[in-house]
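Chemist: I have a structure I would like to understand better, so I am pasting it below and will then ask my questions one at a time.
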Amino acid sequence: NAEWSRSDRHRRLLAGIELEVLKPSDGAAMQAVAEVLRDKLRSYDLIGRKGPTTFAVVACEIQPRSARRICERLKHGLDDRKIEVALGAATNEAERVEMVEDLFDVAWEACSRAQRGEGPDGICVIE
């Protein structure tokens, strides 16, 4: 919520990213995902684990169209480790996004679309 408030106050673009690990989904894979997230994201982006196979990211102060590039960078890092994922992202400029909860609802919708093959390379972004 603090980043949301800061983004809103300073009119900065923010992205919510949902990452669902499809396979493998064991502890070693989850550890590898966490390592890739730490390695590929900036130090001030926020990373959290939402569920057994789901991670969430708040990418702060991004440029327009950066959400896709961030997802692609994460996907390539995970592909290198043979971990299959679906990634969904939304920005605070997307329709229906009025508060931080909306941001992650829309990002999860995008992730679900990516799982269904609606996005190229397992990535779907709603801007």
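The values are calculated or read from the model by the stated rules, or taken from the named source; none is laboratory data. Every value quoted in this text rests on a predicted model; they were computed, and no experiment measured them. Neighbour counts run over all protein chains shown; Cβ positions are idealised from the backbone, glycine included. Side chains included, ligands, DNA and RNA excluded: accessible areas come from the protein's heavy atoms. Shrake-Rupley method; radii C 1.70, N 1.55, O 1.52, S 1.80 Å.
Chemist: Which one, 66, 43, 25, has the greatest fluctuation when you compute a Gaussian network model over the chain with C-alpha springs under 10 angstrom?
Modeler: Among 66, 43, 25, the largest GNM mean-square fluctuation belongs to 43.
Chemist: Here's something else I'd like to know. Taking the Cα centroid of segment 6-73 and of segment 79-99, what is the distance between the two, rounded to the nearest whole Å?
Modeler: The two parts, judged by their Cα centres, are 8 Å apart.
Chemist: Okay, next question. Work out, step by step, the length gained on full extension between residue 99 and residue 76: first 0.36 nm times the residue separation, then minus their alpha carbon distance; give nm to one decimal. Write out the running numbers ahead of the final one.
Modeler: Details: separation 23, 0.36 × 23 = 8.28 nm, distance 2.99 nm.
Contour length minus Cα-Cα distance gives 5.3 nm.
Chemist: Related question: Please calculate the 1.4 Å probe accessible area of residue 121, with all protein chains present, and give it to the nearest 10 Å².
Modeler: Residue 121 exposes around 120 Å² with every protein chain in place.
Chemist: So, one more: Would the chain count as rounded, prolate or oblate if I go by the C-alpha gyration tensor, calling it rounded below 1.5 in a/c and otherwise prolate when a/b exceeds b/c, oblate otherwise?
Modeler: Since a/c reaches 1.5 and a/b is larger than b/c, the shape of the chain is classed as prolate.
Chemist: Which percent of Cα-Cα pairs in segment 52-127 sits in each 10 Å bin, short to long?
Modeler: The distribution over segment 52-127 is 20, 56, 22, 2, given as percents.
Chemist: Using a Gaussian network model of the chain whose springs link C-alpha atoms within less than 10 Å, name the residue from 40, 23, 75 with the highest mean-square fluctuation.
Modeler: Maximum fluctuation in the GNM of the chain, among the listed residues, is at 23.
Chemist: How much mean residue ellipticity at 222 nm does the chain get from its helices, if each DSSP H run of length 4 or more adds -39500 (n - 2.57) and you divide by all residues, to the nearest 500 deg cm²/dmol?
Modeler: -13500 deg cm²/dmol
Chemist: So, with a 1.4 angstrom probe, what is the percent of accessible area on the chain that is carbon and sulfur?
Modeler: On the way: 3100 of 6920 Å².
It is 45 percent, rounded to a whole number.
Chemist: Hey, what did the chain get for relative contact order, percent, Cα under 8 Å, at least 6 apart?
Modeler: On the way: 230 pairs, mean separation 39.1, N = 127.
Dividing the mean separation by the residue count of the chain yields 31 percent.
Chemist: Solvent-accessible area per residue for the chain at a 1.4 Å probe radius, Å²?
Modeler: Dividing the accessible area of the chain by its residue count gives 54 Å².
Chemist: Dipole magnitude of the chain about its Cα centre, charges +1 at Lys/Arg Cβ and -1 at Asp/Glu Cβ only, in debye to the nearest 20?
Modeler: Once rounded to the nearest 20, the dipole reads 360 debye.
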